[in-house]
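K.L.:
One structure follows; several queries about it will come next.
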Amino acid sequence: MSEPTARADNIFTVDVEDWFHILEVEGGLTRDQWPSLESRVVANCEALLELLAAAGARATFFVVGWVAQRHPALVRRIAAAGHEIASHSFWHEVIRNHDRASLSADLAGSKRLLEDLGGRAVRGFRAPGGSITPQTAWAFDAIVEQGYGYDASLCPGYSSHGGFPSPYRGPHRVRCQAGELAEIPSATVGLGRRRLPYAGGGYLRLLPYAVIRACIRADNRSGRPTNIYVHPREIDPGQPRMKLSPARRFKYYVGLRSTRGKLESLLREHRFVSAGDWLDAHGDSLASSVLDVRAAAAPGAASPPHRTPPPAPHLD
């Protein structure tokens, strides 16, 4: 067994969505079908909670509101275990499918629901697919206005659903018209704008563990935390398979059997805390690292949405 390789505070996050919450799938399962599908999110989250408990690690669980509404005991279980509850939106829609009003309603509804269930303030938001881009930078104003303190949506490189050119590879602050908030971006590797995430989703499944470990060491040596993100379905090789294109099947289903072992190694060799705890300990160091998005978010700069989701319901 290898010895621990880093004692820096790194960040562990979970995007709490079910196996059928795959974004922008041609001919995929629709929202109307979701209630009739087998749910596997509770069992998979319980397995992740066991891994985190065994390592003494804390994480941020970015919960889809639709999941929270159907599995309220899961949200309470996560909070009771000492982990942070944050929002992954209510409907799991990419940002470009929203306009300002619908995103604000989604942010407010999901935040209220998660606070009711978790019993404490929700500080963080992660856009589905990390889908805040320069064209949808207006989303930051809605996030600030709805009372969130930090965002974890930006990828300073290539991303399937997002990508936001930025000089900052680690946590920093974002300045928008409505104010400022902290940003926890994806951990990436590469040069300049030719950067790829290495620490989550398909990249975590497909990259050799030695590569992931080397990237974490490089980030930590540079004073940056890595930001691990995982979906509960990624430790579930037995999940139902959707009818996807060959490229999407490869992206979503190859390497499922390797994820659990990689997570066990990561948790054994590195120290992980929640995004909120990391900001509480290190947030003051971000004051001089500010990404100004006010020009990109100016009125008229955003592209019109092509589909507006319905408002998020609220549990009384």
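K.L.:
Hey, which lysines would be in cross-link range of LYS262, C-alpha to C-alpha under 22 Å, not counting anything within fewer than 8 residues on its own chain?
P.N.:
Once the sequence-local lysines are set aside, what remains near LYS262 is LYS251.
K.L.:
Tell me whether the range 148-297 comes out rounded, prolate or oblate; compute the Cα gyration tensor, take square roots of the eigenvalues as a ≥ b ≥ c, and use a/c under 1.5 as the rounded threshold.
P.N.:
prolate
K.L.:
Moving on to the next point. Mind giving me the nanometre distance, one decimal, between the label points for SER288 and LEU196, set 7 Å out from Cα along Cα→Cβ?
P.N.:
Distance between the two pseudo-spin positions: 3.4 nm.
K.L.:
Calculate for the chain the 222 nm mean residue ellipticity that helices alone would give, adding -39,500 (n - 2.57) per DSSP H run of length 4 or more and normalising by residue count, nearest 500 deg cm²/dmol.
P.N.:
Here the helix-only value at 222 nm equals -10000 deg cm²/dmol.
K.L.:
Starting from the Cα gyration tensor of the range 106-152, take the square roots of the eigenvalues, sort them a ≥ b ≥ c, and report rounded, prolate or oblate (rounded when a/c is under 1.5, otherwise prolate if a/b is larger than b/c, else oblate).
P.N.:
prolate
K.L.:
Right, here's the next one. Sort GLU24, GLU183, GLU38 so that the residue with the fewest other Cβ atoms within 10 Å of its own Cβ comes first and the one with the most comes last.
P.N.:
So the residues, fewest neighbours to most, are GLU38, GLU24, GLU183.
K.L.:
Where in the chain are the DSSP H helices whose C-alpha atoms run 15 Å or more along the long axis and whose mean Kyte hydropathy is at least 1.6?
P.N.:
What comes out of the filter, once short or polar helices are dropped, is 41-55.
K.L.:
If you project the alpha carbons of the chain onto their three principal axes, what span does each projection cover, largest first, in Å?
P.N.:
Largest to smallest, the principal-axis extents are 54, 48, 42 Å.
K.L.:
Quick check: pseudo-label points 7 Å beyond the Cα along Cα→Cβ at ALA54 and ARG76, how many nm apart are they?
P.N.:
Those two pseudo-labels are separated by 2.8 nm.
K.L.:
Another one. Express the Stokes-Einstein translational diffusion coefficient of the range 64-198 in µm² s⁻¹, to the nearest whole number, given a Kirkwood radius over alpha-carbon pairs, 37 °C and a viscosity of 0.692 mPa s.
P.N.:
217 µm²/s
K.L.:
While we're on this one: Grab the Cα-Cα distance for ARG268 and SER39, subtract it from 0.36 nm times how many residues apart they are, and report the gain in nm with one decimal.
P.N.:
79.5 nm
K.L.:
Which log10 I(q)/I(0) values does the range 1-136 give at q = 0.11, 0.16 Å⁻¹ under the Debye formula, counting every alpha carbon as one identical point scatterer?
P.N.:
Here the Debye-derived log intensity ratios amount to -0.43, -0.86.
Throughout, read-outs are computed from the coordinates displayed, never taken from laboratory work. In this text, all values refer to a predicted model and were calculated from it rather than measured experimentally. In this analysis, Cβ positions are derived from the backbone assuming ideal geometry, glycine residues included, and neighbour counts consider all displayed protein chains.
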